[in-house]
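Q: My questions all concern the structure below.
Throughout, read-outs are computed from the coordinates displayed, never taken from laboratory work. The structure displayed is predicted, hence computed values, not measured ones. Positions of Cβ are backbone-derived with ideal geometry, glycine not excepted, and every protein chain shown enters the neighbour counts.
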Amino acid sequence: MTERTAFIEAAMSYSAIFRATLPETALEVAALLVLVVDLVLSRRKEDQDDRTTLAAVLGVFGCAASFWAVCAGGWRGWNIDAGLLRPYLPLAGHDVYQVAILVLTALTLLLLIDSEFTRNPGEYVSVVLMAAAGGLIVATAFDLLVIFVGLELLSLGLYILTAFAKQSGKSAEAALKYYLFGGMSAAFLLFGFSYLYGISGSTNLIRVMRGVNYAGANGGAPLILIAFVMIAAGLGFKVAAVPFHFWAPDTYEGAPAPSAAFIASVSKVASFALLISISSTLCWTPGIFTAWPRILTVLAAASMVLGNLAALAQSSVRRLLAYSAIAHAGYILLGLAFYSWTNVTAEPVFYYIVTYGLTTIGAFGVVGVVERATGSDKLDSFLGLHKRNPLLAAVLLVLFLSLAGIPPLVGFWAKFNLFAAVLAVGAGPVSFTLVALAIAFSAVSLYYYLQVLKRAYVMPAVDETPIQAHPVTLAVLLVIAAAVVVLGCFPALLQSWIASFYA
Amino acid sequence: MLPWTIYISFAGALVSALCPKDKPVLARWFALVVSVAGLAIAVGGYAAGFSQPRQVFPQVFIDALWVPSMGIHFLLAADGISRVLVLLTGIAAVAGVLFSWNVDLRTNQFFAFYLALIGGVYGVFLSGDLFLLFVFYEIAIVPKYFLIAIWGSTRREYGAMKLALYSFTGSAMVLIGLLAAYVTAGSHSTALAALANAGLPVRFQMWCFPLVFVGFAILAGMWPFHTWAPTGHVAAPTAASMLLAGVVMKLGAYGCLRVGIGLFPHGLDSWGFTLLGLASWRDVFAWLAVIGIVYGALVALAQTDFKFVIGYSSVSHMGFVLLGLMTLNQIGVDGAVLQMFSHGIIAGLLFAIVGRVVYDRTHTRQFAELGPMHLSRRLPFAAWAFVFAGVASMGLPGFSGFVAELQVLVGAWQANPWWTIVSGIGIIVGVAYIWRALQKAFFSDVLPTAHELEAEQHHKLAPITWPEIAGVVLLGACTLAAGLYPRILLDQIEPAVKTLLAGGAQ
């Protein structure tokens, strides 16, 4: 390790830094470009729809450029310790998170084309791109300072995106709640980080890990425990794990549909990637610190139970999705907890996160279309959807069944892989009980997903006027649904693709 | 060849979903063509099974690695048991289409869900891989919900949701058990044959077996987890209740046999202690089956709704299947498989007569209202078809039910005479509830009032249509054929059961 570090340190220059941060840079440049172009167009009093479309398309191009920067070139897997300008080798395979973040961001932007909640599409798109850049940093950062900077870049973007529907009181309320909770959780996180720094004298995760090991063996365990609890609280907020989930239902309900989709997918992927980085370093201390997995296990069990039970009682589809997101976070945390017991490959966890992100973007896309047509996201606004727009109803059917984990859709394989991995890691009464709990509660979840599908397909329609969806929106939703079906029928496709990053 | 039953059913479901909405005739004929093609393949595959005499291992059609990381194979294979049940599915599918000829509401969607369900059922019976079987098993659940909730009758949303939740609870239990078995076996293949040979520890089998068995048995209508069955059957549209009783309940029983007994043979061993006179899971489940037989029959005797009678009779008859499985001897398990076939045909026929031939014309199923209608005079076809089906259901010699139940009872006697003695009560009550239903619904001596006679003159019941006749003839011929010459089925069932009980590959 040291030899390698020394070599890299010597070879480091500003051009190397530039090349290593090219994905983030591409997004930032695109963000600025979108702002300028939109400003010019708005001066010329161009049509609102055209401006939205152009901004979104430019944003997608930005994602594409960044995507290219991630995938191409020999610096794949490298990143910068920006705080100290010291390079390091991050965990293998973490660029797969960057790819996922970019794809999900592009999908969110394409869903924006149909929206009318703002008169400033340029600003919206550029904030999305900057937040996504934050996500890219978070996903691969390996230094406490960089992690925090990336998280704040992401979070600030999310607060703004939540508040973007200026005419809507709900949007402002949601943003304020999100902001207050977010600020507090960032404080917790920073507090935890400061302890880690105090213990180890470094912000680099590898050195932190070494310092923690040393301190743990020399009577520093209580301090470390406090740090772990604080970090778990901070990150638990980001992934909406019980008991740090209170912001989620309000934010999902109040935020404009594309923002909610972004929060539910991109932000989740980035936060879980970070959790994986942290878990994988903290658990390199075999035998000493079972505290971290234990904390995660408690969060996971609480999230699965409470998320699923609370979702049963919802009458708003967005709140329902929020509670289901909490439940899904619980399943993922369960995988993570056992991942950090033994540090086996994170592939099943990533598989779950990325397929969940994809499905949930589609779900919010459908909700957004229905909401625009009916003015509400109540369950009853989905009545007779199969008559009002058969394609939209079919997409909803596929996505919700996938979320419920019905084979042969991709959501089934996500759960299946994850639970099999958990059992494979820790075959014992504890892991077995937890997996049994998770499977039992995913059977419970079918009830609330069916509540929505029942209205779309079974119950008689009150209003049979067709719902029009923008062709691009419909195309994106169909692509997502098709991906959910195809990846479900051929589960090896996505698995081998993910595995290629870890190779 | 047999795998094509799966492919054409799913392809048919997709095409049917895309059919134009305003052309119900097209969707109907299309569904009939697809299901007849499925039946033709099933019959062909069944006939081909005779040319592979006494084979030890199932015939493998396709074996491709599906999920390499977990060793899950897309493995389709068939032995005698599978072939018999695939044949049953083919027959039930065709009959179901014939008896839903009058579905006018969202016809294309109806047949899309219908064919998807059929495809899933074919898939379960043909799967040679544990998780492939589970995937098909779950695929069959969702269409059932929609078929009942959209096209059903009495309390359909309640019945559909209850059925979906029961099914899902069952499959969740199965999934937990299967994952545990997979991890414990540590095998790199999830093919049933490979897992059966993996030598799962006896202690593990002891607790995993009941989990998996109960999970599957919920769908087979095992008492006390049967309550979804009557409400689900009653709520379902005719074709769906035919399929529910005819093939979906068999999915559960098949899972109990193939996965439960096939993978965890030691789960049935003695516990080493006796609790309330029960010494093993085998005793527990056998007594639950016996209770189901008697309880289902007694409750059927007390119903006032025609369809509930048939619904509870299904619980009773499925009890024979589970009892047959628990005998663990050749003749008993043979009987159980034969009873799956037999009940699939007879229950389909009974539900068709009650749901399609009678209810769709009279719009009531209450005995009190059917009695004064004198259906034996006004719908002689229905009355005599029901006499025929009822006699078959009672288990009279010459019908498939007789051979099947006799074998189960003989097998049960060998295992524990008390099982046979108590089940005998169920058979006697079985005669009683069919006679009672026959008398109350068709041959009632309640005289109609003058007013009712007048109404009768004005409201002629719609004449019997050709699809109904075709369906009744098809199902009736099958139960007669299997009853008069059971060898045609047993020749394939026996070697397969022998292999399975020997604890060999699957």
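Q: Hey, what did chain B get for relative contact order, percent, Cα under 8 Å, at least 6 apart? Walk me through the numbers on the way to the answer.
A: Working: 930 pairs, mean separation 82.5, N = 506.
Dividing the mean separation by the residue count of chain B yields 16 percent.
Q: Just in the stretch A:321-430: which trypsin sites (Lys or Arg not before Pro) are loop by DSSP and have at most 16 other Cβ atoms within 10 Å?
A: On the way: sites: A:Arg372, A:Lys378, A:Lys387, A:Arg388, A:Lys415; in loops: none.
Qualifying residues, ordered by number: none.
Q: Using alpha-carbon pairs under 8 Å, 6+ residues apart, how would you state the relative contact order of chain A in percent? Write down the numbers at each step before the final one.
A: On the way: 842 pairs, mean separation 69.7, N = 503.
In percent, rounded to a whole number, it is 14.
Q: If we count trypsin sites (Lys or Arg not before Pro) as exposed when they sit in a DSSP loop and have at most 16 other beta carbons within 10 Å, what is the longest stretch of chain B that avoids them all? Write down the numbers at each step before the final one.
A: Values: sites that count: B:Lys21, B:Arg54, B:Arg155, B:Lys460.
The longest such stretch corresponds to B:156-459.
Q: Take B:Arg378, project a point 7 Å from its Cα along the Cβ direction, then tell me which residues of the stretch B:462-478 have their backbone nitrogen under 19 Å from it.
A: Taking a point 7 Å out along Cα→Cβ of B:Arg378, the residues of the stretch B:462-478 whose backbone N falls under 19 Å are B:462-465.
Q: Still on this structure, I have one more. Among B:Phe134, B:Ser444, B:Leu278, whose Cα projects farthest towards the positive end of the dipole of the stretch B:3-501, with charges put on the beta-carbon of Lys, Arg (+1) and Asp, Glu (-1)?
A: B:Ser444
Q: From other protein chains only, count the Cβ atoms within 10 Å of every residue's Cβ in A:435-447, then give the mean. Could the numbers behind the result be given before it?
A: On the way: counts 5, 8, 1, 2, 7, 6, 1, 3, 10, 4, 1, 10, 4.
For peptide A:435-447, the averaged partner shielding equals 5.
Q: Kindly provide the Kirkwood hydrodynamic radius of the protein assembly as shown in Å, to one decimal, from all pairs of distinct alpha carbon atoms.
A: Details: mean 1/r = 0.0330 Å⁻¹.
Value: 30.3 Å, from the Cα pair sum.
Q: 7 Å from Cα along Cα→Cβ at both A:Tyr214 and B:Lys21: what's the point-to-point distance in nm?
A: 7.2
Q: Using helices alone, what [θ] at 222 nm do you get for chain A, with -39,500 (n - 2.57) per DSSP H run of 4 or more residues, divided over all residues and rounded to the nearest 500? Before the final figure, lay out the partial values.
A: On the way: 22 runs with 379 residues, N = 503.
For chain A, the value works out to -25500 deg cm²/dmol.
Q: Something else now. Please sort A:116-127, B:117-128 by packing, taking for each peptide the average over its residues of neighbouring beta carbons within 10 angstrom, highest first. Can you show the working numbers first?
A: Values: A:116-127: 21.4, B:117-128: 28.4.
Top to bottom by mean Cβ count within 10 Å: B:117-128, A:116-127.
Q: Just how large is the dipole of the stretch B:3-501 about the Cα centre, in debye to the nearest 20, putting +1 at every Lys and Arg Cβ and -1 at every Asp and Glu Cβ? Could you put the intermediate results ahead of the total?
A: Numbers: 25 positive and 21 negative charges, 68 e Å.
My answer is approximately 320 debye.
Q: Applying 1/(1 + (r/R0)^6) with R0 = 56 Å to the Cβ-Cβ distance of A:Leu39 and A:Val462, what FRET efficiency is obtained, to the nearest 0.05?
A: Details: r = 44 Å, r/R0 = 0.78.
So, using R0 = 56 Å, E works out to roughly 0.80.
Q: Now a separate question. Can you tell me how the stretch A:2-502 classifies by the Cα gyration tensor, rounded, prolate or oblate, using a/c under 1.5 as the rounded cut? Provide the component values of the computation, followed by the final result.
A: Working: a/c = 1.77, a/b = 1.27, b/c = 1.40.
Oblate, since a/c reaches 1.5 and b/c is not below a/b.
Q: Within 10 Å of each Cβ of B:106-116, how many other protein chain Cβ atoms are there on average?
A: Going residue by residue through B:106-116 and averaging, the value is 1.
Q: Round to the nearest 0.05 the FRET efficiency obtained for A:Arg119 and A:Phe191 when R0 = 45 Å and r is the Cβ-Cβ distance. Walk me through the numbers on the way to the answer.
A: Working: r = 40 Å, r/R0 = 0.89.
According to the calculation, E is roughly 0.65.
Q: Let me ask something additional. Antiparallel as a % of all DSSP beta bridges within the stretch B:3-501, to the nearest 5? Spell out each step's value before the answer.
A: Details: 12 of 12 bridges.
Of those bridges, close to 100 percent are antiparallel.
Q: What does the C-alpha gyration tensor say about the overall shape of the stretch B:407-469? Classify as rounded when a/c is under 1.5, otherwise prolate if a/b is larger than b/c, or oblate.
A: Judged from the Cα gyration tensor, the stretch B:407-469 comes out oblate (a/c at least 1.5, b/c at or above a/b).
Q: Give me the inter-chain shielding for B:171-179: mean count of other chain Cβ atoms within 10 Å, whole number please.
A: Details: counts 4, 10, 4, 1, 11, 9, 1, 2, 10.
The shielding value for this peptide is 6.
Q: Still on this structure, please answer the following. Relative to the Cα centre, what is the charge dipole magnitude of the stretch B:355-506, using +1 at the beta carbon of each Lys and Arg, -1 at the beta carbon of each Asp and Glu, and rounding to the nearest 20 debye?
A: Working: 10 positive and 10 negative charges, 18 e Å.
For the stretch B:355-506, the charge dipole is close to 80 debye.
Q: Another question, if that's okay. Please arrange A:Glu28, B:Glu468, A:Glu46, A:Glu464 by counting, for each residue, the other beta carbons lying within 10 Å of its beta carbon, fewest first. Walk me through the numbers on the way to the answer.
A: Numbers: A:Glu28 19, B:Glu468 22, A:Glu46 13, A:Glu464 10.
Fewest-to-most Cβ neighbours within 10 Å comes out as A:Glu464, A:Glu46, A:Glu28, B:Glu468.
Q: Rounded to whole Hz and in sequence order, give me ³J(HN,Hα) for the stretch B:90-102 from the Karplus expression 6.51 cos²θ - 1.76 cosθ + 1.60, θ = phi - 60°, writing x for Gly and Pro.
A: With coefficients 6.51, -1.76 and 1.60, one gets x, 5, 4, 5, 5, 4, x, 5, 4, 7, 10, 4, 9 Hz.
Q: Can you tell me the dipole magnitude for the protein assembly as shown around its Cα centre, using point charges on the Cβ only (Lys, Arg +1; Asp, Glu -1), in Debye to the nearest 20? Numbers along the way, then the final one.
A: Details: 51 positive and 46 negative charges, 118 e Å.
With only Lys, Arg, Asp and Glu charged at Cβ, the dipole is about 560 debye.
Q: Then there's this: For the pair B:Leu298 and A:Gln48, what calculated FRET efficiency results from E = 1/(1 + (r/R0)^6), where r is the Cβ-Cβ distance and R0 = 51 Å, to the nearest 0.05? Provide the component values of the computation, followed by the final result.
A: Numbers: r = 71 Å, r/R0 = 1.40.
The value I calculate is 0.10.
Q: What is the spin-label model distance, in nm, from B:Trp29 to B:Ala198 if the labels are put 7 Å beyond Cα along the C-beta direction?
A: 5.1
Q: Using a/c under 1.5 as the rounded threshold, could you call the stretch B:148-307 rounded, prolate or oblate? The axes a ≥ b ≥ c are square roots of the C-alpha gyration tensor eigenvalues, and prolate needs a/b larger than b/c, oblate otherwise.
A: Working: a/c = 2.91, a/b = 1.61, b/c = 1.81.
It is oblate, given that a/c is not under 1.5 and a/b is not larger than b/c.
Q: Here's another thing I want to ask about it. If a paramagnetic tag sat 7 Å from the Cα of B:Thr364 along the Cα-Cβ line, which residues of the stretch B:310-340 would have the backbone N under 19 Å from that point?
A: Answer for this model: B:310.
Q: Ok, one more. Using Cα-Cα distances under 8 Å and only pairs 6 or more residues apart, what relative contact order does the stretch B:231-282 have, in percent? Mind showing how you got there, number by number?
A: Details: 24 pairs, mean separation 9.7, N = 52.
Relative contact order comes out at 19 percent.
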